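One structure is given here, and the rest of the page talks about it.
The values are calculated or read from the model by the stated rules, or taken from the named source; none is laboratory data. In this text the structure is predicted, and so the values were computed from the model without any measurement. Cβ coordinates were reconstructed from backbone atoms using ideal geometry, including for glycine residues, and neighbour counts include every protein chain displayed.
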Amino acid sequence: MTGASTEHERDESAGSEDGTADRAVAAVRSRLDAGRVAAIVLAAIGAAVAVVVATGVFPFRSLNHDEGVYLQQADMLLSGQVFLRPPVEDAFRPWFFVDSERGLYSKYAPVPSTVFALGKLLGGYTVALAGIAAGLVAGTVALGRELFDARVGALAGVLLLATPLFVVHSGVFLPYALTAALNVAFAVWYLRGERRESRRDATLAGVAVGLAFFARPYTAVLFATPFVLHAVVTLTASGAWRVPPAAAELVDEPTDEQARGLFARRLITAALGTAGVLATLGYNAVVTGDPFLFPYLAFAPEDGVGFGERAILGHVVDYTPELGIEANRLVLDTLFTDWVVAGSLGAAAAATGVALALVGRGLPGDDEAGDGALGERVRRGLLAATFASVAAGNVAFWGNFNVLGALEVRTDGLIYYLGPYYHYDLIVPTAVFAAVACVALADGLRGAATQLAERAGRIDARHARAVATVALLVGGAAAGGVAAGAVEDTVERNEAVTEELRAGYGPLVADGDPGAAVPEDSVLFLPTPYGPWLNHPFQALRNDPGHDGPRVYALGDTRELEVAREYPNRDLYRYVYAGSWVPTDDSTVRGGLREVERVAGDRLYLNATLQRPESVEGTTVRVTGDRGSTYLVATDSGGPLSLSMVVEDGELTVSGEDLVVSGGEGGEAEGAVLPLDDGDEIDVEVFVSTGPATGYSYRLSFPYERIDGTARALTATAERCPVPTRCVPQGVGESPPDRGIEVTLTRAT
């Protein structure tokens, strides 16, 4: 009996488990209708696009060096740091970091970097990009479905995936896609909360808009403005404030209970949105010491929103309303011709969709629209109004002038490669309303085909609908070709930039990893083509927050000896390159990796042999330190020139066979003497004249310091300059036989 009983209980248990599983499956199926399945699939495609673009198109990051700023900040957050404290002042300052008494901090808010850091914890920074792209696509699908129907939502997601601005920014570590995803989430939850009268949705809307404000305050305000105005009007009209309904068309004569519910939702959303504002002010107080001083204004006080003089790092513009209107006209023209789905065709479809939504009847979703607190036309109008709020508000932001480059050159500026990213939010309503127009067109064609068949009598309605479907497919294929071509054009521009970057980074790259070719436990001195900043332009080469990673990157020609003393057990290297570091000029640079030696002693010797043609017009040597310069001239007629420099007792003696001090007598001279400071940068320029108006020069440079009577220096950088603005460093390529240079630095033994 015991065995039979146990078997019976096992059967009942199995049956119970099967029933639970069946109910779970049924619950999932009830939630996963075709529209939700489409959202999941499209979100997955969006994530895949982000990974492909990030790794394939931007392996060395984009032309916008703000990517390095956000990733450096993400590294810091993962290490529990808000401030960087470099071991040597000035030698480790990253791009767009503010210097303060407490350390260096980013000029940007930490929300995007926090999301990137979360991605790193989940497997890599690219995971964050995939999640952002998936979230934005899913949000667009949900927004289209909320305002219209599942067909519009799904098609809006497809159109967003075919939007050049979405594709390019899906693979870059910039804040615009993330902020757009938060703004779209706010819109979806706000609209859904009103339809459902749901406090939960109101809560989520408040969280989303608060985070969006913390991430990019002005961007969040511009997008949310229509919804905020609507919230205020409907709250006033609800009767909660004992004001007679002044906008009865917005609400359905609310009962007291409806008014209290509306008031509660507004209060929740406003409170959480305000929490985002307070978090922003709190962060300001932590890093700048003033809650109302934003970090970007601490970096450049004239970089704010508004008109008048605007400036950042020496770039100054009198930003007038007229200039703002003209710049934004050009930006919007570029947006709607090149960067939305299918360019001008997609923009026209979106404009049609807006018109249909505001004045039309029988639109997708009208049969499913409920009798919620909002009329469908008003709900749809809120999204349409973001075109106006975002476009108008950006007139006051001079960044839209800066992205253009030269106003009269369409292919100039960051906008040509990365698009009008300050208007990024507009690609979502464009996709939604373009989808509305497409679905309405499809419905109209099928309906017209059916009516035509019924009137003709001899035409099968199914055949007529089939013809209409074929016509739609042909038209869709043509439009798809236009959309694919627009995406391909923008991607190819950036791939060309990446190829130039790949050539420049070449000596540093191993197995596709920038910097991996540099030996570990080393310090790499980087050139400064754009000024004294790390990650500008070399944003793929970032220091660990503690400046103690396998490779440490420092600014070349900036306190190099102090850096060398800070890392006594690391090998030193210098990255050099020939050419102009302009990845958009269709000419690549040639790079090289040079080992740097430390030399210390009572007396240091630098010997150089400079090749010259057998016959030259003349040769002059100028040696410069912080305390002055000295000049020598060659008395021979050509061939190799030997130059000797001796550092001893705080003085530099320059001499060489067939060299005399300028203004001295002919023959071999004892040398020219140059007094040195205890810390000095010594520069040598040798000009070789090969004709009345022709010639070239050699340049040598090395740092020097004297501590406790001991002289210290590093291997000199040496380069040959065919013209003053175009130099070829030693170690980059092969020099012509009569243009070579050899330099040694030793100490007395």
Identify, from the list Ala693, Ala748, the residue that is farther than 28 Å from Trp581 by Cβ and either touching a residue at least 24 places away in the same chain (Cβ under 8 Å) or surrounded by 15 or more Cβ atoms within 10 Å (Cβ to Cβ) (or both). Ala748
Long-range neighbours under 6 Å by Cβ, at least six apart or interchain, first residue on the phi < 0 side of the Ramachandran plot within the range 270-298, second of a type outside the set (A, V, I, L, M, F, W, C) and modelled with pLDDT under 95: Leu297/Gly304
Only listed residue being outside any loop (DSSP other than H, G, I, E, B) and at pLDDT 95 or above, chosen from Val82, Val88, Val25, Val69: Val69
What pairs come out if I take residues in the range 309-331 that are free of Cβ contacts under 8 Å to residues at least 60 places away in the same chain and pair them with residues that are aromatic (Phe, Trp, Tyr) whose C-beta lies under 8 Å away, six or more apart or interchain? Glu309/Tyr319; Ile312/Phe299; Thr320/Phe307
I need the helices (runs of 4 or more DSSP H) fully contained in the range 155-242, keeping only those with at least 3 residues that are surrounded by 24 or more Cβ atoms within 10 Å (Cβ to Cβ) and under 18 Å from the mean Cα position of the chain (by Cα). 164-169, 176-196, 199-215
Would you confirm whether any residue within the range 281-303 is under 26 Å from the mean Cα position of the chain (by Cα), farther than 20 Å from Leu222 by Cα, among the charged types (D, E, K, R) and crowded, with 19+ Cβ neighbours inside 10 Å? no
Only listed residue being of a type in the set (Gly, Ala, Ser), modelled with pLDDT of 90 or more and within 24 Å of the chain's Cα centre (by Cα), chosen from Ala517, Ala440, Ala434, Ala486: Ala486
Would you confirm whether any residue within the range 719-742 is in contact with a helix residue (DSSP H, G or I) (Cβ under 7 Å, 6 or more places away or on another chain) and either surrounded by fewer than 12 Cβ atoms within 10 Å (Cβ to Cβ) or over 21 Å from Thr620 (Cα atoms) (or both)? no
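Of the residues that make up the range 380-391, is at least one basic (Lys, Arg), in the same structural domain as Val141 (by TED's automatic domain parsing) and at pLDDT 95 or above?
yes
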Take Ala109 and decide whether it is within 19 Å of Gly171 (Cα to Cα) and within 15 Å of the chain's Cα centre (by Cα). no
Does Val660 count as surrounded by 19 or more Cβ atoms within 10 Å (Cβ to Cβ) and either part of a strand (DSSP E or B) or at pLDDT below 85 (or both)? yes
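To keep it simple, each residue is scored yes or no on (1) hydroxyl-bearing (Ser, Thr, Tyr); (2) at pLDDT below 90; (3) closer than 28 Å to Pro692 by Cα.
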site	(1), (2), (3)
Leu593	no, no, no
Val599	no, no, no
Gly628	no, no, no
Asp636	no, yes, yes
Gly639	no, no, yes
Conditions first: (1) touching a residue at least 60 places away in the same chain (Cβ under 8 Å); (2) part of a helix (DSSP H, G or I). Leu441 passes all but one, so which condition is the exception? (1)
Residues (outside any helix (DSSP H, G or I), out of contact with any strand residue (DSSP E or B) (no Cβ under 9 Å at 6 or more places or on another chain) and touching a residue at least 12 places away in the same chain (Cβ under 8 Å)) located in the range 95-127: Ser100, Arg102, Tyr108, Ala109, Pro110
Within the range 285-310, track down each residue that is of a type in the set (Lys, Arg) and assigned to a loop (DSSP other than H, G, I, E, B). none
Is it the case that the range 515-526 has a residue that's within 22 Å of Gln72 (Cβ to Cβ), loosely packed, with under 14 Cβ neighbours inside 10 Å and not assigned by TED's automatic domain parsing to the domain that holds Val172? yes
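Per-residue answers, yes or no, for (1) surrounded by 18 or more Cβ atoms within 10 Å (Cβ to Cβ); (2) assigned by TED's automatic domain parsing to the domain that holds Pro729; (3) aromatic (Phe, Trp, Tyr):
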{"residue": "Tyr567", "(1), (2), (3)": "yes, no, yes"}
{"residue": "Asp571", "(1), (2), (3)": "no, no, no"}
{"residue": "Gly579", "(1), (2), (3)": "yes, no, no"}
{"residue": "Arg590", "(1), (2), (3)": "no, no, no"}
{"residue": "Asp602", "(1), (2), (3)": "no, yes, no"}
{"residue": "Asn607", "(1), (2), (3)": "no, yes, no"}
{"residue": "Glu614", "(1), (2), (3)": "no, yes, no"}
{"residue": "Glu617", "(1), (2), (3)": "no, yes, no"}
Within the range 504-533, which residues are more than 15 Å from Val576 (Cα to Cα), aliphatic (A, V, I, L, M) and in a strand (DSSP E or B)? Ala510
Please determine, by comparing only the residues of the range 93-106 that are of a type in the set (A, V, I, L, M, F, W, C) and surrounded by fewer than 23 Cβ atoms within 10 Å (Cβ to Cβ), which one is farthest from the chain's Cα centre (by Cα). Leu104
